[in-house]
Amino acid sequence: MAPRGTQTRDELLRAAEYLFARQGVGGTRTKQIVERAGQGNDSAVQYHFGSRQGLLEAILGRHLSRMERQWLRSVVSLRESHELGPVVDALIGPLADELLREDGRDFLRIVAGIAGWAGVRTHALPTPLHGTALAEQLALLEQGCLRMMPEDLALERIAMVISMLTAALADRAHRIDEHLPVLLDHKHFVANLVVMVTAALLAPPP
């Protein structure tokens with residue numbers, strides 16, 4: 001792609017990230033994205049991404065590919081672990097690092113709005129996650145839970161924990177962006193989040 005085309009694509013991505021994070025994916029009009037990106041052609045999104053869904057997938061793919069490199073480094077050692085704590089820690093670390101970036105915070109706010117699309121309960125992960133280290137880490141979470149509880153409870157618990165995790169990260173991102181008070185620094189926030197998620201997964205079956 002020509003340099004100008006690449007720049008336009010990046011401007012559309014950044015504009016969509018900002019608006020999706022604040023107005024929701026469904027609440028943002030394509031025209032708003034085009035205007036915020038400084039483009040005069042309303043068909044720019046379709047030209048560069050094929051559709052709004054293609055634009056959303058490009059946003060998710062950009063951030064997930066960055067985190068995937070970190071997840072990949074940890075997944076080999078996790079295969080030998082029979083504890084949930086290290087898996088949770090390795091999963092949350094790269095996600096929490098997104099809080100340190102402006103576009104990363106937008107990403108986390110977007111993810112909280114679409115967390116239900118993950119397909120954990122039905123083993124129907126989105127196509128972009130197939131064959132990734134993230135998918136393997138989710139599978140390791142499931143294996144760890146299955147040692148303590150039946151499959152239906154394990155899947156329900158993991159899905160609920162993902163909703164809790166993404167909501168907590170999105171709230172933190174919102175508070176940082178709006179300069180609202182936070183009680184814990186980044187390091188202690190992440191450590192507390194890891195402990196809470198691990199405890200939720202390890203809670204005795206009802």
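None of the figures in this text is laboratory data; all of them are computed from the coordinates on show. Note that the structure is a prediction, hence the values are computed from the model and not measured. Here Cβ is always computed from backbone atoms with ideal geometry, including for glycine, and neighbour counts include all displayed protein chains.
Assorted remarks:
- Selected from D185, D89, D152 as most flexible by GNM, with the chain as the system and alpha-carbon contacts under 10 Å: D185
- Efficiency of FRET between S81 and A167 - r from beta-carbon atoms, R0 25 angstrom, step 0.05: 0.40
- When only the Cβ of Lys, Arg, Asp and Glu is charged (+1, +1, -1, -1), the dipole of the stretch 1-50 relative to its Cα centre reaches about 60 debye.
- Estimated at 0.36 nm per residue, the fully extended path between D152 and L72 surpasses their Cα-Cα distance by 26.0 nm.
- For the stretch 1-50, the C-alpha radius of gyration divided by 2.2 N^0.38 Å, with N the number of residues, is 1.06.
- Taken about its Cα centre, the stretch 155-206 carries a charge dipole of about 140 debye when Lys and Arg each add +1 at the Cβ and Asp and Glu each add -1 at the Cβ.
- Of the DSSP H helices in the chain, those whose Cα atoms cover at least 15 Å axially and whose Kyte score averages 0.0 or more: 84-97, 102-114, 133-146, 151-177, 186-202
- The chain: most fluctuating residue of R147, R29, R172 per GNM, C-alpha cutoff 10 Å: R147
- Mean-position separation - Cα centroids, the stretch 12-46 and the stretch 70-121, in angstrom: 26
- Helix-only [θ]222 nm of the chain, DSSP H runs n ≥ 4, -39500 (n - 2.57) each, per residue, nearest 500: -23500 deg cm²/dmol
- Spread of Cα-to-Cα distances over 10 Å intervals beginning at zero, given as percent, for the stretch 63-206: 11, 43, 37, 9, 0
- Charged-residue dipole, Cβ positions (Lys, Arg, Asp, Glu), the chain about Cα centre, Debye nearest 20: 420
- Coil-residue chymotrypsin sites (Phe, Trp or Tyr not before Pro) of the stretch 34-118, DSSP, other Cβ within 10 Å capped at 15: none
- Stretchable slack from Q143 to R121, in nm (0.36 nm times residue separation minus alpha-carbon distance): 6.5 nm
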